[in-house]
Every structure is written in structure tokens, then in C-alpha cells.
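What follows is a short report on a single structure.
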Amino acid sequence: MDSNTHSHIDWAPAFSARAQNLKISQTRALFAVASRPEVVSLAGGMPNLKDLPLHDIARSFGTLFDQNGATAMQYGGGQGYEALREQITDIMSLEGISASAANVTITCGSQHALDLVTQLFVDPGEPILVEAPSYVGALSVFHSYQCDVHHVLMDDDGLIPEALEEAATALEAAGRPAKFLYTVPNFHNPGGMTLAETRRPQIVEICARHGILILEDNPYGLLGFDGHLFPALQPLNPEGIIYLGSFSKMFAPGFRIGWVLAPKQITEKLVVANETAILCPPMAAQMTISTYLRDFDWYGQVDKFRVMYRGRARAALEALAKFLPDCTWTQPKGGFYTWVHFPSGINTWDMLPRAVQNLVAYVSGSAFYTDGRGTDYLRIAYCYPPEEEIREGIRRLAVTVAQEKELNGAK
Ligand code: PMP
């Protein structure tokens, strides 16, 4: 039968309550426009992979498939490839974590880990604490599980302990204690700030005292511009903290491999949740990453990334100082982002179509809150475009702001 003869069925009323909360993210909607070559995209947080030695890596993977292809192409265990889990414990030891591979579960990126952990801990309507602002991909997960999201203020030194204490106490007093705190301590997405080392034990103490599990998300930790490694929160309370790691930024996101370090009891549940969702993480991807870690100077590669991102961050900050002197912004010590504040009068969400018309894209600060806040901020991701494009993008942004101001003044 000609498909045109079928009448349209509206499935919207059939979607589950969870699915009603699945909305296209502002970032994703933008990717389509921002990927046009004439647009300078300061929007997406895509790692820049130009320095990866792809030919060498391809040769090494060829050998792996020749020698061990049958295993690489087979199903594996639900917790993930043991050799890789061992290597992951070595990586985490750089940040002071002393872990057993038995407590590591491999996931399809840390995005998948966020989904599994939220599924394990939060029933619809239950409260959780997140930073203000918070990673948009995590907020999508929290929405999909119908979490009641409470933002906790940050400043240039990261999450504010007093604000956390207040939020935890208020929820407790209301008889609805928070199920977990979600935090990105290093080189924050979208904020660019890093949690001060003096605040780390305070944050862990507050959560321990209130019985709040911490979800420590650390995909950027190795990308400090001067090579400094901030100590993870996890060793301060291994029984009360779930740590999420990822190969996406220290290597590449293409294999979609991340991991969770959790206490034993939580790991047992996580493995079942992982098996239920995907049976097992992809063996081919895990074995290739394991080979990469074994055969390559992967840390030397991270150093190259660090230097590249440092140059890009410097270009972005210098351009902001030159073209947008009325704004303020965070001073990232690593990672991909700076968080720009506009003096009153500019709404970065309303301004976005004009910016895209002027061939520059960014993400409005409102994407990183669940409560409509953030329209006086925007996130600049300096990770992907070359330095001269970053400068040009920020110049175009300044032109856009000037036009917007003129229009606002004329109203
Ligand atoms: N957490 C944060 C803070 C991120 O910025 C990202 C990716 N942008 C992720 C988690 C997910 O990363 P992946 O799934 O690629 O490991």
C-alpha cells in the first residue's frame, strides 16, 4: 500500500510521563545551525582531536583485531573488560584514588553512567542537589527520571559550602532529604571554575553529615592547563561517593567508553542495571582503548591536549577583555569553558538568533538551569575552533551585543 494513504497517528498522548520530559536540548538544536562552516561555534563542547596520531593508532588496532579479533567481536561481561578496569584504577590513582578494579563498572560514556546512577537512586519527584549552573546533559537525565532538581550556588571557587549546608538542611526540615549531590569539581561545565582544595573536605563533610550521596563527575580532570592534578573527592569518603570518569576528553569520545567507581553494594546493582540496559559494554571499544593505554604514551598525548586547550583559553580570555570589557567571566584553570556574565539588559537567550545571523553561536546560560535562571550568562566553549576563529567569534559576539543594546535602548 502507498504509505501516503496512511493517516497520521498522534503518539504524543501515548508517551510515558518520563518521555514527556525528554525535550531536544538547546545545545543539540543549535548543533545543526552551528555546524555550517561560516558560523564560528563557541557552542558545543566537542574535544579537538586534531593532534591524535590516528595512523599509528589504526596500525595498532589492526594488530589487535588480527590477533584477538574473535574476543573483540564477542559479548563480554556486564561490568566491563577486566584488563581495562585495572588500567582505569591506575589512571584514577593520579588523582589520589586508591581503588580495586572490582569496584569499577564500564559504561558507554559517563553520560550513560549518569543515567544508570539516577535510575538506581531517584524515584519520581524525589529531590536532588545540583550546582548552579549544572551540566546540561546531566539535567536532561535528571528531568527524564522526574527528579526534583534544587540548584546550589557556586562562585569562582566552585560550590559554596554554606549554600550546600543551607539547601541540605532546608530539604531535611521539609522531610524530603536530598538523594544525592551532583558535582563537577574540576574545570566545570559550563562554569569553567574549579572547586577550591580547601572546600573539598568541607563539601564531603556536609554531605556525609546529612547522609547525602555525592556523584563526582570528572571528565576534564587531567586537562589542567599547568598539569596540576586536583585531588578527587572520592578518597575523602569512599563509601559515600560515586566517581564518574570518561575517555572522551583525555582520549576521544568515539568509542563511547566511561566508567563508574562505586562502593561494592552500589557496584552490584550498577552491573545489573548495565546488563539490563546494554547487556555489556562494547568489547571492541574497550579492547582498543586498553591497547591504546598499553602501547602509546597516552599521558604525553594528554599533555599535548592540555597545551592546545591552554592556548585556546588564552585566546578566548584575551578576546573577551578586548571586545566585551563590560562583561565578567570565569578564569578557567583547565577544561573547555568560560562562563560570561552580562550586565543587566542583555538576555542571551533572546539574543541568540541575532548572534547566529552574525555567524557566531554559543549556548545561553538558561540551558544550565532548570528554573529559568541564567539568561544574563552565556557559555563559551573554546575547545574546538582554532585561536583566530575564537577571536573572530568573540568579535562577532561583541557586534551582536552592541546591536542588541541599541535595539533595547530604542524600545
Ligand atoms: N559530564 C560532563 C560534565 C560533561 O561535560 C560530559 C560531556 N560533555 C559528560 C559528562 C559526558 O561525557 P561522555 O558521555 O562522553 O563520557
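For (1) part of a helix (DSSP H, G or I); (2) away from the ligand (no atom under 16 Å from the Cβ), each residue gets a yes or a no:
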| position | (1), (2) |
| --- | --- |
| Ala43 | no, no |
| Asn48 | no, no |
| Asp56 | yes, yes |
| Phe65 | yes, yes |
| Ala70 | yes, yes |
| Gln74 | no, yes |
| Gly80 | no, no |
| Ala83 | yes, yes |
| Leu120 | yes, yes |
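Within the group Ile242, Ile257, Ile203, Ile212, which residue is at negative phi and either near the ligand (Cβ under 10 Å from one of its atoms) or touching a His at 6+ places or on another chain (Cβ under 8 Å) (or both)? It would help to see each step written out before you state the result.
Values: Ile242 fails: either near the ligand (Cβ under 10 Å from one of its atoms) or touching a His at 6+ places or on another chain (Cβ under 8 Å) (or both); Ile203 fails: either near the ligand (Cβ under 10 Å from one of its atoms) or touching a His at 6+ places or on another chain (Cβ under 8 Å) (or both); Ile212 fails: either near the ligand (Cβ under 10 Å from one of its atoms) or touching a His at 6+ places or on another chain (Cβ under 8 Å) (or both).
Unique residue meeting the criteria: Ile257.
Among the residues of region 1-27, write down those that are touching a helix residue (DSSP H, G or I) at 6+ places or on another chain (Cβ under 6 Å), modelled with pLDDT of 75 or more and part of a helix (DSSP H, G or I).
Selection gives Arg18 alone.
Pairs only if they're at least six apart or on different chains, beta carbon under 8 angstrom, first in region 395-411 and of a type in the set (Gly, Ala, Ser) and at pLDDT 95 or above, second assigned to a helix (DSSP H, G or I) and open to solvent by 50 Å² or more (accessible area, probe 1.4 Å); list them, first residue then second.
Matching pairs, first to second residue: Ala398/Phe323.
Being at pLDDT 95 or above, surrounded by 18 or more Cβ atoms within 10 Å (Cβ to Cβ) and farther than 20 Å from Gly258 by Cβ is the requirement here; does Pro124 meet it?
On the way: at pLDDT 95 or above: yes; surrounded by 18 or more Cβ atoms within 10 Å (Cβ to Cβ): no; farther than 20 Å from Gly258 by Cβ: yes.
No, not satisfied.
Looking at (1) of a type in the set (Gly, Ala, Ser); (2) outside any strand (DSSP E or B); (3) surrounded by 18 or more Cβ atoms within 10 Å (Cβ to Cβ), find the lone condition where Gly311 falls short.
(3) is the only condition that Gly311 fails.
Among the residues of region 110-119, which ones are over 12 Å from the mean Cα position of the chain (by Cα), touching a residue at least 60 places away in the same chain (Cβ under 8 Å) and either open to solvent by less than 10 Å² (accessible area, probe 1.4 Å) or within 11 Å of Leu215 (Cβ to Cβ) (or both)?
Once the filter is applied, which keeps residues that are over 12 Å from the mean Cα position of the chain (by Cα), touching a residue at least 60 places away in the same chain (Cβ under 8 Å) and either open to solvent by less than 10 Å² (accessible area, probe 1.4 Å) or within 11 Å of Leu215 (Cβ to Cβ) (or both), region 110-119 yields Leu116, Val117.
Checking the condition modelled with pLDDT under 95 and in contact with an Asp or Glu (Cβ under 8 Å, 6 or more places away or on another chain), which residue from Gly227, Gly221 passes?
On the way: Gly221 fails: modelled with pLDDT under 95.
Only one candidate passes the filter, namely Gly227.
Determine, yes or no, whether Tyr135 is at pLDDT 95 or above, in contact with a Cys (Cβ under 8 Å, 6 or more places away or on another chain) and open to solvent by 50 Å² or more (accessible area, probe 1.4 Å). Let's see the steps before the verdict.
Details: at pLDDT 95 or above: yes; in contact with a Cys (Cβ under 8 Å, 6 or more places away or on another chain): no; open to solvent by 50 Å² or more (accessible area, probe 1.4 Å): yes.
When the stated conditions are applied, Tyr135 does not pass them.
Between Ile241, Ile203, which is touching a Cys at 6+ places or on another chain (Cβ under 9 Å) and buried (at least 23 other Cβ atoms within 10 Å of the Cβ)? Even if it seems obvious, please write down each step before you answer.
Numbers: Ile203 fails: touching a Cys at 6+ places or on another chain (Cβ under 9 Å).
Only one candidate qualifies: Ile241.
What is the one condition in (1) closer than 26 Å to His341 by Cβ; (2) away from the ligand (no atom under 16 Å from the Cβ) that Pro127 does not satisfy?
Among (1) closer than 26 Å to His341 by Cβ; (2) away from the ligand (no atom under 16 Å from the Cβ), the lone unmet condition for Pro127 is (1).
Give Thr194, Thr169 a once-over and let me know the one that is β-branched (Val, Ile, Thr), out of contact with any helix residue (DSSP H, G or I) (no Cβ under 6 Å at 6 or more places or on another chain) and open to solvent by 10 Å² or more (accessible area, probe 1.4 Å). Can you show your working first?
Working: Thr194 fails: open to solvent by 10 Å² or more (accessible area, probe 1.4 Å).
Of Thr194, Thr169, the one residue that is β-branched (Val, Ile, Thr), out of contact with any helix residue (DSSP H, G or I) (no Cβ under 6 Å at 6 or more places or on another chain) and open to solvent by 10 Å² or more (accessible area, probe 1.4 Å) is Thr169.
The values are calculated or read from the model by the stated rules, or taken from the named source; none is laboratory data. The structure presented is a predicted model; accordingly, all values stated were derived computationally and were not measured. Neighbour counts are summed over all protein chains in view; Cβ atoms, including those assigned to glycine, are modelled from backbone coordinates with ideal geometry. Protein only, heavy atoms only, side chains kept; ligands, DNA and RNA dropped before computing areas. Shrake-Rupley method; radii C 1.70, N 1.55, O 1.52, S 1.80 Å.
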